[in-house]
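What follows is a short report on a single structure.
Values quoted throughout were computed directly from the atomic coordinates according to the rules given, and no laboratory measurement underlies them. Because the structure is a prediction, the values reported are computed rather than measured. Heads up, the Cβs are rebuilt from the backbone with ideal geometry, glycines too, and the neighbour counts pull from every protein chain shown.
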């Protein structure tokens, strides 16, 4: 949309006079459309944020133009683009982690099937994308005796410590 | 608040309304100030704290009303992850402190109303407001009392008929907020596109009811 490329000095544009001006109604329509797009992207980002909980380390921040004030087309475009980039980056990171978590779930299955082949391997809940505190740990039955005799098993921890414990 | 009491509509600058349709201001005056919170309010805060676990807190931003304010913040150049919407700020405090802490009658009433409805409500000293409040861009040479210098042109404020009372979703001008000396409290709520009128009315009513029963 050509109107999206224009800047409106009354609402924050910086280069007025360098580009031919679109009619006022067109510029307003462009701003309304940009606001609609920002709303849609904000919703998608919020949904992704909720579904990724409790995974940490994903960047969610989207810089703002500064306000409170009515933003011009250029500023709304920057906000929309920043949201779009953040959403794409977050989706890519979530997909990457999903692959890792699936690989860890496969590892847990292999550990359970053959503990002796995975001696001392420990997989935490957060490694498979769960929000509790348990972990799977391949360790010898009866300590040193199990080690000497090759009796290995996967032990599942009892979970999170009690609040205030 | 008497049962039939209705909030009044504050004026919103026409140009603003063209740009941000759905923007509105409702206000209501209660014939009392703040004070010590009572047992009933403290109990309601505890119940509210119990209802707001981590999972609910994470989901707040996707609920229709909080989401509408998040989007509006983006529309007016605010980053809702840096300057949080009132409901998200309260929920974050709940998570960090383990519960909604009781402070005083007015703050407790505001907390309950904002968390219950998702709609932001702020309070001013009604005797320090001249005429009806409204929303408008700041005029040339205007500033906010207690803040040095002029505000940048176009800054959106809640103002009475004489001066800005506070930034839209921001700081209140010095001397306009509720203090121990306040005898009458003006409750204000800003509505944005996507927020039903009934939610705004409910938020104001919740605060007024709590104040009057306190």
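State which residue is nearest to residue A:49 (Cα to Cα) when the search covers only the range B:24-58 and only residues that are surrounded by 15 or more Cβ atoms within 10 Å (Cβ to Cβ) and facing another protein chain (nearest Cβ under 10 Å). Applying the filter and picking the extreme gives B:58.
Going by what's in this entry, would residue B:99 be described as more than 23 Å from residue A:70 (Cα to Cα), in contact with a helix residue (DSSP H, G or I) (Cβ under 8 Å, 6 or more places away or on another chain) and within 14 Å of chain A (Cβ to nearest Cβ)? Quick ask: steps written out before the conclusion?
Details: more than 23 Å from residue A:70 (Cα to Cα): yes; in contact with a helix residue (DSSP H, G or I) (Cβ under 8 Å, 6 or more places away or on another chain): yes; within 14 Å of chain A (Cβ to nearest Cβ): yes.
In short, yes.
So which of A:95, A:65, A:74 is under 23 Å from the mean Cα position of the chain (by Cα) and under 30 Å from residue A:31 (Cβ atoms)? When all the criteria are applied, what remains is A:65. From the set of residues in the range A:19-36 that are more than 10 Å from chain B (Cβ to nearest Cβ) and buried (at least 17 other Cβ atoms within 10 Å of the Cβ), which is farthest from residue B:78 (Cα to Cα)? Out of the qualifying residues, it is A:22.
Filtered by the rule that a residue be within 12 Å of another protein chain (Cβ to nearest Cβ) and either surrounded by 19 or more Cβ atoms within 10 Å (Cβ to Cβ) or over 20 Å from residue A:71 (Cβ atoms) (or both), the range B:154-163 gives B:155, B:156, B:157, B:158.
Among the residues of the range B:15-23, is there at least one that is crowded, with 20+ Cβ neighbours inside 10 Å and in contact with a strand residue (DSSP E or B) (Cβ under 6 Å, 6 or more places away or on another chain)? Yes, the range B:15-23 has at least one match.
Against the definition (at the interface with chain B (Cβ under 10 Å from one of its Cβ atoms), exposed (fewer than 15 other Cβ atoms within 10 Å of the Cβ) and either without any contact (Cβ under 8 Å) to a residue 60 or more places away in the chain or more than 30 Å from residue B:15 (Cβ to Cβ) (or both)), how does residue A:60 come out, yes or no? In short, yes.
Inspect the range A:135-149 for any residue being exposed (fewer than 13 other Cβ atoms within 10 Å of the Cβ) and closer than 25 Å to residue A:97 by Cβ and give the result as yes or no. No; the residues of the range A:135-149 include none that is exposed (fewer than 13 other Cβ atoms within 10 Å of the Cβ) and closer than 25 Å to residue A:97 by Cβ. Among the residues of the range B:7-55, those that are part of a helix (DSSP H, G or I) and touching a helix residue (DSSP H, G or I) at 6+ places or on another chain (Cβ under 8 Å) comprise B:18, B:19, B:40, B:41, B:42, B:44, B:45, B:48, B:49, B:54. Among all residues of the range A:111-121, there is at least one that is loosely packed, with under 15 Cβ neighbours inside 10 Å, assigned to a loop (DSSP other than H, G, I, E, B) and out of contact with any strand residue (DSSP E or B) (no Cβ under 7 Å at 6 or more places or on another chain). Residues that are without any contact (Cβ under 8 Å) to a residue 60 or more places away in the chain and outside any loop (DSSP other than H, G, I, E, B) were ranked within the range B:149-180; the one that is nearest to residue B:11 (Cα to Cα) is B:159.
Scanning the range B:118-134 for residues that are within 14 Å of chain A (Cβ to nearest Cβ), in contact with a helix residue (DSSP H, G or I) (Cβ under 7 Å, 6 or more places away or on another chain) and farther than 18 Å from residue B:208 by Cα turns up nothing.
Selection of the range B:181-214 for residues being in a helix (DSSP H, G or I), touching a helix residue (DSSP H, G or I) at 6+ places or on another chain (Cβ under 6 Å) and farther than 21 Å from residue B:20 by Cβ yields B:202, B:206, B:207, B:210, B:211.
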